[in-house]
Amino acid sequence: MKEIFIQFFIFLFYSFLGWICETTFCSIAARKFINRGFLSGPFCPIYGFGAMIILLLFSNLRNHIFLLFICSIIGTSALEYLTSFLLEKIFHLSLWDYSERKWNLHGRICFRNSLLFGIMSVLMVQVIHPYIMSWLTALPTLVLILAFSF
């Protein structure tokens, strides 16, 4: 039971952290506040899903940083491309367009962002996630249940 709450917290945490990074990056570039979330609240679920995928598939590459970096680029780029494709085909929604950027693929992914996602994934696996897990596993199950009941 505790594991389910931990996984849900991880998803929410990285969705929030992704929103912070995305909103900060876009706001600095635009020189005004840009809310990059499309849900109610400060969440970008693609980052939560991306983090879960990287942690599930590639955290065992922790001691092989370059391989982790390359696999993370491939995994996050595939997720971003698929998400963009499905959003467009199912909901007729386009939340990003990289057509104007160098080395893009159908405007859905671009090389620069793929590199950034690779760097962020290595940082997550090597630095951020071990601290998050040590903190979460130390919490009693009741605390996790109460935290999600509000």
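Annotations
- Scanning the range 82-106 for residues that are touching a residue at least 12 places away in the same chain (Cβ under 8 Å), open to solvent by less than 60 Å² (accessible area, probe 1.4 Å) and not polar (S, T, N, Q) gives 95, 96, 98.
- Checking residue 39 against (1) modelled with pLDDT under 95; (2) over 22 Å from residue 124 (Cβ atoms), the condition it does not meet: (2)
- The range 68-81, subset of a type in the set (Ser, Thr, Tyr) and over 21 Å from residue 7 (Cα atoms), residue surrounded by the fewest Cβ atoms within 10 Å (Cβ to Cβ): 81
- Looking across the range 3-12, just one residue is open to solvent by 60 Å² or more (accessible area, probe 1.4 Å) and either touching a strand residue (DSSP E or B) at 6+ places or on another chain (Cβ under 7 Å) or among the aliphatic types (A, V, I, L, M) (or both), and that is 4.
- Top-ranked residue of the range 107-144 - restricted to ones that are under 15 Å from residue 22 (Cβ atoms) and open to solvent by 30 Å² or more (accessible area, probe 1.4 Å), ranked as farthest from the chain's Cα centre (by Cα): 112
- Evaluation of residue 119 against the conditions (1) part of a helix (DSSP H, G or I); (2) in contact with a Leu (Cβ under 6 Å, 6 or more places away or on another chain) shows that the sole unmet condition is (2).
- Criterion violated by residue 72 - all others in (1) on the phi < 0 side of the Ramachandran plot; (2) in a loop (DSSP other than H, G, I, E, B) satisfied: (2)
- When the range 13-67 is filtered for residues that are within 24 Å of residue 3 (Cβ to Cβ), open to solvent by 80 Å² or more (accessible area, probe 1.4 Å) and not in a helix (DSSP H, G or I), only 62 remains.
- Candidate set from the range 135-150 (those that are free of Cβ contacts under 8 Å to residues at least 40 places away in the same chain and not hydroxyl-bearing (Ser, Thr, Tyr)); member that is farthest from residue 6 (Cα to Cα): 150
The values are calculated or read from the model by the stated rules, or taken from the named source; none is laboratory data. Model, not experiment: these values are computed from the prediction. All Cβ positions, even for glycine, are placed from backbone atoms using ideal geometry, and neighbour counts span all protein chains on display. When the accessible area is computed, the model is the full protein with side chains, heavy atoms only, and any ligands, DNA or RNA have been set aside. Shrake-Rupley method; radii C 1.70, N 1.55, O 1.52, S 1.80 Å.
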